[in-house]
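Engineer: Attaching a single structure in structure tokens format; questions to follow.
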Amino acid sequence: MTTMTAAYGPWGIVAGGSDGVGAAFARAMAARGINVVLVARRVPVLKETADTVSLEYGVQVRTVPLDLAAPVALAELAAATADLEIGLFVYNAGSDDSTADFLDRGLPAHLSLVRRNCVTALETVHHFGAPMAARGHGGVVLVTSGAAWAGGATRATYGATKAFGLVLAESLWAEWRGHGVDVLALVLGRTDTPSLRRLLGDGDAPLGALADPQDVAEEALAHLGDGPTWIAGGPDPTGASPLGALSRRDAVIAMSPR
Ligand SMILES: NC(=O)c1ccc[n+]([C@@H]2O[C@H](COP(=O)([O-])OP(=O)(O)OC[C@H]3O[C@@H](n4cnc5c(N)ncnc54)[C@H](OP(=O)(O)O)[C@@H]3O)[C@@H](O)[C@H]2O)c1
């Protein structure tokens, strides 16, 4: 048993663990000897990532195909992991691979984002965090975004759900640090994932600087104990919002496409 598996093992869950940042978390956790449960919707992608992780790192990998926006998500994930001791829970799924003005999207699309990024995130953190707090060790990572810093046009619901995750994680950090559970609100900037590439489309416009998902996951695991908030790749990762010096009005204008 390593220090890492003693603190955060023997099993971890990556909710949204088949591609992008989630698959990178799966590899980074497996490289540290933690067995992983991977959750996602597309079974072939999920299976391919699970096979690769288990082959490369020799850990046990369990796949749970489900939609985290579905009302039954917690029940299905709880049943699929009832026999496992979960020491690390990463809630990663959360991107929105299209942007539009609020009224240009139907209500079901908004509610699906809220259900996946807020309701299921809260339900699963409650479910998997309770035994960690009772045991006196464990870790929880809620992956959030710079979109949480302030509102902005075309990202109303996405940004609001990311702010929910940020404040939830920070609050749980404050409550659970007395129980030996490390909680991290992981704030990402633009990161090279399939979801971001779907958002940006096939145009020829330069993508600009994108973070590498594996760097992000490694950085997060190295700083699990440095919560409440970690701004991946930032010059001051535990510091204030980069928009903190602006008035709220100027921050919202800065966050809105021109
Ligand atoms: N990429 C960026 O530039 C960026 C920037 C800031 C913040 N973030 C944050 O980083 C996190 C990861 O982002 P990402 O770009 O890697 O894309 P993502 O779409 O959030 O995550 C992809 C993973 O989540 C799974 N997933 C998505 N929706 C799901 C659902 N309803 N039920 C179950 N699994 C689901 C995907 O598999 P399936 O599609 O097969 O379900 C895949 O395994 C998100 O929380 C996002 O808000 C990303």
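Engineer: Using the Cα centre of segment 10-255 as the reference point, and only Cβ charges (+1 on K/R, -1 on D/E), how large is the resulting charge dipole? Debye, rounded to the nearest 20.
Structural biologist: 440
Engineer: So how tilted is helix 213-222 from the main axis of the chain? Cα-based, degrees 0 to 90, rounded to 10.
Structural biologist: 60
Engineer: What ranking, highest mean first, results for peptides 215-222, 44-51 when packing means the other Cβ atoms within 10 Å averaged over each residue?
Structural biologist: Per-residue Cβ counts within 10 Å, averaged per peptide and sorted highest first, yield 215-222, 44-51.
Engineer: For segment 204-258 and segment 126-177, what is the separation of their C-alpha centers, rounded to whole Å?
Structural biologist: 15
Engineer: Only Cα pairs under 8 Å and at least 6 apart count here; give the relative contact order of segment 34-110 as a rounded whole percent.
Structural biologist: About 25 percent, as a whole number.
Engineer: Carbon and sulfur together cover what percent of the accessible area of the chain at a 1.4 Å probe radius?
Structural biologist: 57
Engineer: Now for a different question. Check T191: other-chain or 5+ apart residues with amide H under 5 Å from its amide H, H built from backbone geometry?
Structural biologist: Excluding prolines and chain starts, which carry no amide H, the hits are A211.
Engineer: Here's something else I'd like to know. How much net charge surrounds V43 when only the other residues with a Cβ under 15 Å from the Cβ of V43 are counted, with Lys and Arg +1 and Asp and Glu -1?
Structural biologist: -1
Engineer: I've got another one for you. Could the peptides 87-93, 237-243 be put in order, highest first, of the mean number of other beta-carbon atoms found within 10 Å of their residues?
Structural biologist: Descending packing order for the listed peptides: 87-93, 237-243.
Engineer: Expressed as a rounded percentage, what relative contact order does the chain have, with Cα pairs under 8 Å and six or more residues apart?
Structural biologist: This gives 19 percent for the chain.
Engineer: Something else now. Under the rule a/c < 1.5 gives rounded, and otherwise a/b versus b/c splits prolate from oblate, where does segment 38-143 land using the Cα gyration tensor?
Structural biologist: Note, shape of segment 38-143 comes out oblate.
Engineer: So for Y57, Y158, what's the accessible-area order with a 1.4 Å probe, most first?
Structural biologist: If we order Y57, Y158 from most to least accessible, we get Y57, Y158.
Engineer: Hey, could you get me the Stokes-Einstein D for the chain, Kirkwood radius over alpha-carbon pairs, 10 °C and 1.306 mPa s, rounded to whole µm² s⁻¹?
Structural biologist: Taking Rh from Cα pairs, D becomes 86 µm²/s.
Engineer: Within segment 148-169, list the residues whose amide N lies under 17 Å from a label point set 7 Å along Cα→Cβ of R249.
Structural biologist: Taking a point 7 Å out along Cα→Cβ of R249, the residues of segment 148-169 whose backbone N falls under 17 Å are 151-153.
Engineer: May I ask you to give the solvent-accessible area per residue for the chain, in square angstrom, as obtained with a 1.4 angstrom probe?
Structural biologist: Roughly 47 Å² per residue, with all protein chains present.
The values are calculated or read from the model by the stated rules, or taken from the named source; none is laboratory data. In this text the structure is predicted, and so the values were computed from the model without any measurement. Because the Cβ atoms are built from the backbone with ideal geometry, glycine has one as well, and the counts that use them run over all protein chains shown. The accessibility values were calculated without ligands, DNA or RNA, using every heavy atom of the protein model including side chains. Shrake-Rupley method; radii C 1.70, N 1.55, O 1.52, S 1.80 Å.
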